[in-house]
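The values are calculated or read from the model by the stated rules, or taken from the named source; none is laboratory data. Bear in mind the structure is a predicted one, so any value in this text is a computation, not a measurement. When we count neighbours, we look across all protein chains shown, and the Cβ atoms used for this are built from the backbone with ideal geometry, even at glycine.
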Amino acid sequence: MSLTFYYPSGGFFERVHPVSKLICLMASFVPPFLGNEPLEVFPYFSFLLLAAFFAQAGANLRRVYKLMIILFVMSIVLWAFFYRGKSALFTVGRIVIMKESLLYGVTTGIRLNCFILSAIIFLTSTPIEDFTYGLSKLGMPFAASFALTLSFRLTPLFMETGQAIVMAQKARGLDLDSGGIIKRIRHYVPIIVPVLVSGLRRADQLAVALESRGFGKTKKRSAISEFPITWRDYVLISFILVICFVMGAHHFS
Amino acid sequence: MTTNLLSLKNVSFAYGGSERLAINNVNFSIAQGEFVGIAGASGAGKSTLIRCASGITPQFFKGRFSGQVRVNARPITGKRVAELAGIIGTVFQDFEAQLFSTNVRRELAFGMENLCVNRKIMHQRINKIAQLIGLSGLMEREPQSLSGGQKQRLALASVLCLNPALLLCDEPTTDLDPVAKNMLLDILDDLAGSGNSVGLVTHDTERLIRADRIVLMRDGSIVANGKATEILSDPQFCIDNGLFAPQMFSLFSLLGLKDRPLSVDEAKEVLDREGFVAKASPSRTDITMPSGDPLITVEDVHFYYTPDSPVLNGVSLEIEQGDFVCLLGQNGSGKTTLIKTFNAFLHPVSGRVFFKGIPVEKIGPSKMGQKIGFVFQNPDQMLFAANVFEEVAFGLRNYGMPEKEIPQKVAAALKAVGLNGTEDIDPFIMVKGDRQKLAVACVLACEPEVLILDEPTTGLDANEQVDMMELLVNLNSLGHTIVIITHSVQIAASYARRIFILDSGKIIGEGTTREILGKSDLLSRANLIAPPCVRLGCMYGLSVLSVSELAEAFK
Amino acid sequence: MRELFSMWQNTRMIVLTAISASAYVAVLLPFKGFVIIPGLTEVRPGAAIPIVLSFLFGPAAAWGTGFGNIIADALGGMLGPGSFFGFIGNFFYGYLPYALWRTFMGDNNPVQSGMKGWLLFGIILITSCLVIGSIIGWGVDLLRLVPFGALGPIIAVNNFIASAAISTVLLALLYGRVHMWGLLYFQILGERNAKSMPFVRKAARIGAILCIAGAFIAFIAGTMISCKSLGAGYGTAAFASDAKGTMAVAGGMAPGLLLILLGAILL
């Protein structure tokens, strides 16, 4: 199984320009704030859900649905304590649950899930390089966006190494699940040290290999990928703008 | 011969604040279209030579540098490594540290993007190079999903996309299996044939002999320079320089022949011409099999991560107490997965694994450590402690050994691997061979009955390999059961008593070492490459394990 | 803080940024450590990594920790408005330890610097954990997604437990070795001449004090304001409703956060 969510489908979202996609991702975070009642944000949530299936993100949704449920429940529980309401709905033991608190918790829970859906649509349709390409077009310097790309590339490698190290240390009798809180954290020292060391042993090698490939020779670079701006970009951006406008008009009126 | 593409004149270099010269007054050159092999023991200065030739020292690794390096008659000293990209291409051992992108096409483009190459030319070169290196079908794959051989070829291809006139390779084949090694060597050979200049560092003499010229290094100096047939002709000289002598050279030396054949076929031709006849298989008194009880029993084990790509496909085997067993197979044949079921690290999807008749999952991975000791391929994946003593004591403490007994146990384990007296040393300053031995000591200290080692000889030079394997033979004679995993038929032939051949998650052959090595079809089915002496023996219908056995057959 | 930008000229530092980010994620995500409430309160050993990386790789650890948080969000499908604050919070978490240490202790080894060193190390741990809790907690409270009173203290305390438990052990095992390999940030970036100038050093000391003070001010203000509204939710009915409580958190914490920002610039 791939660690990332990207699924090459050649579909609508994948062929949107990375910069447009990043802008739309950020813009898609706005509508959830333009509703204070569950029913005001729920339509947007349903819309995103449909869009997610349209983007062939179904398999990825299966990976995160538990998280979505946890966030939803957590939101209701937390805001029941932290949001001041005025009309008591019912009591659980000594705690009075307010109607407003509950509604706010539900609204926020839906909001959080909207963010997840937006992110999943984005991540399903965007390879890492496109993501960092978009960031660099939005003003992130190349060295930094490259470092981010390289981090994405190295992460699965480090995770593999981590798993191998866990096995090697368990074979030496390390029991990760024993002891109290401090002791349990300390059990990870024999794992963290080799993870970092194996990374460090590669540091010089990576830097040398990078420079051998001309990294940093000139300020200017060319790019293999072309991202033409097509009707898809206009459609997607206008779509989101319309949603923002409609929900905004409703919210502020 | 045409002019020298690369020339080093009186080059010396010492790293950082070190007094010791890593290379000392070296003169070295590579001509246009020449394929030069660079060999020598660990620490002889081979890598430093490559680094100096490619401008990596003193630009990147600082230190005291003197002498002159010229490429295409122009001095490169003072130029940044990035500025030399497109003139000098370098490929290193660790393929993971040479890949930066999340798919193959982007990886190939990366260097050209840095050099601001026009997009149309990029596509042309990518297609051409991908074809040449055999990556055409993999263009959209993630590097992470490629095999080691494919990753290393990708690293090579992405360097070649910059059109370097000079290609320098620092042990690029070390972490590859035999088939991938040969494939990479063929490519380098072809590149040299088509006008590129290639410099290749390797310990692997059997493959090195294909080079046009060989340079032998020792203690930072070049001690020999010439054709393989001249330089490697004396087996003792090879051993002195940390190399295994090419087997055909050793054979001919033992037979008192002047020729030094570069291939098994050539050897056969010469032997026939000289009238050598092999006597019927000499009666060998092989070490008798241990008639021990079954220690590890594997019954019809199946394993997969996803059902459509099974890793183990019904493996059954039995390992007897006191045996020296080798699991032989290509990378990806399921060897490492198989041994992980021995310790209950992985649970078979179906089938069972027993240790002395008890199902291993009942004992559990942590407890199994006292029964089966694991030494993984890379010692860096287990070493962490501040000094050698703490490192070895770690396992003992985990198993609740009383503190006052620990020093004695540690000392005993260190003595067994020949590292006595190193208790206070930082494991990370040890050389790879010693770190590997320390890893064995760590496992040994817990007094397991079985020792399992994954590729124990990878990345070691000839002397270190022999040291490591002799250590295992010694432990075996003291009663430890030894299981090694390797793709080196040579190691199996020299040390194993019993061999299991794995291919695509199945055991396709099992028997005594001699039985197995007589079946060349079996080895080739598993994509394994038998050592030259075994192959030559097969041509005469003999089942031999070593050069000396073969030489005897001809006497 | 100039090195935060000048380091991008150096290939080794760029690589170390990526290594820091990947190592952080690779330890943080799979190893759950001690789980109190699944998904919400877990003391993860990975939380100690940025502190360790900071002492080793300086600015590369700061960026690496921030990037690591983006990657963790992207791998978890949580790339949302909170990720922005996650980036900033983690960036400071990886930036402050080395920056505070070097202000008072220069290039001294963090685990062999006597009583004064241990004291400073303790202050650095507390400050860094308060800062990451404050920034992320403030951000999500500002967006009215999660109350500060719940998230801020959880982040701060969890990170503190993990770092206090292992950061010194890890540094003891790693600092000398990384020094030997020449990969400590000041070895790579060379001597910091600017730091020897008296007024720069004085400014850095003021910055350090501002950061430490700001961390406490912001965190205490946020917790008090947020939990006062918590009291209101209990038992009795009815206080003023709507979102005033959250805006109060945002506003009340602003001075402390500004002090941290100002201090960080001077460091």
Exception for residue B:131 within (1) outside any loop (DSSP other than H, G, I, E, B); (2) touching a helix residue (DSSP H, G or I) at 6+ places or on another chain (Cβ under 9 Å); (3) surrounded by fewer than 18 Cβ atoms within 10 Å (Cβ to Cβ) falls at (2)
Within the range A:69-96, residues surrounded by fewer than 20 Cβ atoms within 10 Å (Cβ to Cβ) and either more than 7 Å from chain C (Cβ to nearest Cβ) or in contact with a helix residue (DSSP H, G or I) (Cβ under 6 Å, 6 or more places away or on another chain) (or both) come out as A:69, A:72, A:73, A:76, A:77, A:87, A:89, A:90, A:91, A:92, A:93
Exactly one condition in (1) over 23 Å from residue A:222 (Cβ atoms); (2) in a helix (DSSP H, G or I) is not met by residue B:38; state its number. (2)
What number goes with the only condition from (1) out of contact with any Phe, Trp or Tyr (no Cβ under 7 Å at 6 or more places or on another chain); (2) within 12 Å of chain A (Cβ to nearest Cβ); (3) closer than 18 Å to residue C:96 by Cα; (4) of a type outside the set (Phe, Trp, Tyr) that residue C:171 does not pass? (1)
What's the number of the condition residue B:260 fails, among (1) under 30 Å from residue B:11 (Cα atoms); (2) surrounded by 20 or more Cβ atoms within 10 Å (Cβ to Cβ); (3) basic (Lys, Arg)? (1)
Checking the conditions here, which among C:105, C:78 is more than 29 Å from residue A:119 (Cα to Cα) and free of Cβ contacts under 8 Å to residues at least 60 places away in the same chain? C:105
Name the residues in the range A:167-186 that are surrounded by 22 or more Cβ atoms within 10 Å (Cβ to Cβ), more than 7 Å from chain B (Cβ to nearest Cβ) and within 23 Å of residue B:374 (Cβ to Cβ), would you? none
Could you run through the range B:72-123 and say how many residues are of a type outside the set (D, E, K, R), free of Cβ contacts under 8 Å to residues at least 40 places away in the same chain and within 7 Å of chain A (Cβ to nearest Cβ)? 9
Residues of the range A:206-234 being facing another protein chain (nearest Cβ under 7 Å), surrounded by 18 or more Cβ atoms within 10 Å (Cβ to Cβ) and either among the small types (Gly, Ala, Ser) or assigned to a helix (DSSP H, G or I) (or both), which ones? A:206, A:207, A:208, A:209, A:210, A:211, A:212, A:214, A:216
Of the residues B:224, B:211, which single one is assigned by TED's automatic domain parsing to the domain that holds residue B:21, at pLDDT 90 or above and not in a strand (DSSP E or B)? B:211
Only one of (1) free of Cβ contacts under 8 Å to residues at least 24 places away in the same chain; (2) touching a Pro at 6+ places or on another chain (Cβ under 9 Å); (3) closer than 26 Å to residue C:121 by Cα fails for residue C:8. Which number is that? (3)
Residues satisfying the stated conditions in the range A:60-115, i.e. of a type in the set (Ser, Thr, Tyr) and closer than 22 Å to residue C:81 by Cα: A:65, A:75, A:83, A:104, A:107, A:108
Go through the residues of the range A:128-145 one by one and say whether even a single one is touching a Phe, Trp or Tyr at 6+ places or on another chain (Cβ under 6 Å), under 22 Å from residue A:56 (Cα atoms) and more than 7 Å from every other protein chain (Cβ to nearest Cβ). no
With (1) more than 7 Å from chain B (Cβ to nearest Cβ); (2) surrounded by 20 or more Cβ atoms within 10 Å (Cβ to Cβ); (3) under 23 Å from residue A:127 (Cα atoms) as the list, and residue A:203 as the residue in question, which single condition is left unmet? (3)
Among the residues in the range A:199-220, are any polar (S, T, N, Q), modelled with pLDDT under 90 and under 29 Å from residue A:26 (Cβ atoms)? no
Suppose we keep only residues that are surrounded by fewer than 20 Cβ atoms within 10 Å (Cβ to Cβ) and aromatic (Phe, Trp, Tyr) within the range A:7-28. Which one would you say is nearest to residue A:57 (Cα to Cα)? A:7
Helices (runs of 4 or more DSSP H) completely within the range B:346-424 that count 2 or more residues being closer than 16 Å to residue B:448 by Cα and more than 13 Å from chain A (Cβ to nearest Cβ): B:406-416
